[in-house]
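Peer 1: Below is one structure. I have some questions about it.
Nothing in this text is a laboratory measurement; each read-out follows from the coordinates by a stated rule. Nothing here was measured: the structure is a model prediction, and the numbers come from that model. A quick note on method: Cβ atoms are made from the backbone with ideal geometry, for glycine too, and the neighbour counts reach across all protein chains shown.
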Amino acid sequence: MLVQQQQQQHTASIVGAGPAGFALAAGLQSQGTSVLVYSHPTHVRHANQVRRNGLLRASGLMEGSTRVRVTTDMAEAVAFSRIMFLTVPSTGQETVLEELRKFSLRQHAIVAVPGNLFSLIAADLHAGCILETNLSPYSCRMEGDGELRVLGKKELVFIAALQPAEGEEEEDDVVVVRRALCGEVARILSPTRLKWCSSVVEVSLANVNGVFHPLMMLMNAGRIESTGGDFMLYADGLTPSVANAMAAVDRVRIQIGEALGLRLDGAVAVSNECYGQGFSNFVDLGRHSPPHNRLRAPPTLENRNLTEDVPDLLVSWCSLAEKLGIDASPIRAVITLAQMATGVDYLATGRNLRRLGLEHATRAELIARFGGCDSSADRQKRAV
Ligand SMILES: NC(=O)c1ccc[n+]([C@@H]2O[C@H](COP(=O)([O-])OP(=O)(O)OC[C@H]3O[C@@H](n4cnc5c(N)ncnc54)[C@H](OP(=O)(O)O)[C@@H]3O)[C@@H](O)[C@H]2O)c1
């Protein structure tokens, strides 16, 4: 009953006060959902700027100003809505989890945007429902004066709910709550379409930033450091040889899917599907896709294109591939290069099988838990 009342009110708490969180907040508010944005007390630079401005000012695809309520009190965010979107980078999810663990969330949906296998490290939350998406619905940046610049909007995001592990029984009322929460999440995110996937691993594999970002950064490292990022990362930095290296990583990603019984599309096709575009290859996309070709390179390698996507995407893909008996050497090479360039031991700090709680899972158990379903109807049933 409580869940039904919440559905009628259409509220959402957004945990993560960066561009992705504020863009989602503005987008949801424009669709009639009442929103509260939570900023972790030690990560308030954007939240403070929005508070100082009194309004969230937006430009690009989203023009105008809107009032957005902001809090640094997680209790307020938990009480505000049963639907909570996590829009911190995956490297910040552990910090936020520490806060969330203080609450009973059995009637809440936690939607990690993007997830990067968040649900596997958050299984002890015992939330009503944990969902993961592959990407943020908006491509956006925060400008110096706290203005949100929206460069692109996805038409579709991939999504899945964490399913119980083999042998874990679920009470009927738990399933009923999860189904209601998933329905509410879909309604709130509408008109963004949701592509329900077989498992959270399929969703992680659909975060094609893991194919694009690390190689663009590493193969342009000299240019980034000598120019302070004064070039267009995709339009100038995604050249044919960079694309060849991306294709090698992409093939491993697709093989992981095959081993799990999933037919994955290539990274360009996934990006096309999300943005409603029709590019034929990596270089074409980098040069001509409007949300991508206007993105400047970051000023240094200390950027989430490496610090998030190497440990939380490539390390998990590499670990899964090797457990499934796949030659992951292209992905391992990228991780190794990132480690050599930055001095960070990403294999140890990233989402390896131990950190995902899958260290002792056999190949067969991985396939049983995260493998594909036969039809989209099965996938939706399994998701919700
Ligand atoms: N923006 C996009 O176009 C886009 C597109 C696709 C996917 N994404 C993904 O969406 C997520 C959010 O993106 P974003 O651009 O909004 O990221 P962001 O600005 O780097 O971070 C979002 C918010 O999380 C905070 N945060 C960072 N580390 C934290 C930690 N350890 N504990 C608590 N809070 C922390 C940030 O604070 P600080 O500012 O203090 O770091 C910021 O307020 C990322 O996973 C990103 O890869 C974004």
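Peer 1: How much net charge surrounds N352 when only other residues with a Cβ under 14 Å from its Cβ are counted (Lys, Arg +1; Asp, Glu -1)?
Peer 2: With Lys, Arg at +1 and Asp, Glu at -1, the net is +1.
Peer 1: Given all pairs of different Cα atoms, what value in angstroms does the Kirkwood hydrodynamic radius of segment 2-196 take?
Peer 2: Computed over segment 2-196, the radius equals 16.7 Å.
Peer 1: How would you rank 208-219, 270-281, highest first, on the average number of other Cβ atoms within 10 Å across their residues?
Peer 2: Per-residue Cβ counts within 10 Å, averaged per peptide and sorted highest first, yield 208-219, 270-281.
Peer 1: Something else: Search the structure for amide H atoms under 5 Å from the amide H of L86, placed 1.01 Å from N in the peptide plane, and list their residues when 5 or more places away or on another chain.
Peer 2: Hits under the 5 Å cutoff: V15, V111, A112, V113.
Peer 1: So what are the ³J(HN,Hα) numbers for segment 75-80, from phi and the Karplus equation (6.51, -1.76, 1.60; θ = phi - 60°), rounded to whole Hz, Gly and Pro as x?
Peer 2: 4, 5, 5, 5, 6, 5
Peer 1: Find, among the trypsin sites (Lys or Arg not before Pro) in segment 240-277, those assigned to loop by DSSP (not H, G, I, E, B) with at most 14 other beta-carbon atoms within 10 angstrom.
Peer 2: R263
Peer 1: Got a sec? Charge dipole of the chain, +1 on Cβ for Lys and Arg, -1 for Asp and Glu; which of T349, L260, A243 is way out at the positive end?
Peer 2: In the chain, that residue is A243.
Peer 1: May I pose another question? For segment 102-261, with the dipole built from +1 on Lys and Arg beta-carbon atoms and -1 on Asp and Glu ones, taken about the Cα centre, which of L218, A109, S198 lies farthest toward the positive end?
Peer 2: Checked the options; the winner is L218.
Peer 1: Would you please classify the overall shape of segment 206-374 from the alpha carbon gyration tensor, given that a ≥ b ≥ c denote the square roots of the eigenvalues, rounded means a/c under 1.5, and beyond that prolate means a/b larger than b/c while oblate covers the rest?
Peer 2: oblate
Peer 1: Let me ask something else about it. Mind checking segment 108-213 for GluC sites (Glu not before Pro) that DSSP puts in a loop (not H, G, I, E or B) and that have at most 16 other Cβ atoms within 10 Å?
Peer 2: E143, E155, E166, E168, E169, E170, E171
Peer 1: Okay, next question. Among residues other than R101 whose Cβ falls under 12 Å from its Cβ, what is the net charge (Lys/Arg +1, Asp/Glu -1)?
Peer 2: The answer is -3.
Peer 1: Total Lys pairs in the chain closer than 30 Å by alpha-carbon, pairs eight or more apart in sequence or interchain only?
Peer 2: 7
Peer 1: Just need the Rg to Rh number for the chain, please, alpha carbons only, Kirkwood Rh.
Peer 2: 0.94
Peer 1: Considering only DSSP states other than H, G, I, E and B, which trypsin sites (Lys or Arg not before Pro) in segment 94-194 qualify as loop sites with at most 11 other Cβ atoms within 10 Å?
Peer 2: K102
Peer 1: Around D230, with a cut-off of 12 angstrom between Cβ atoms, what is the net charge of the other residues, counting Lys and Arg +1 and Asp and Glu -1?
Peer 2: Result for the neighbourhood of D230: 0.
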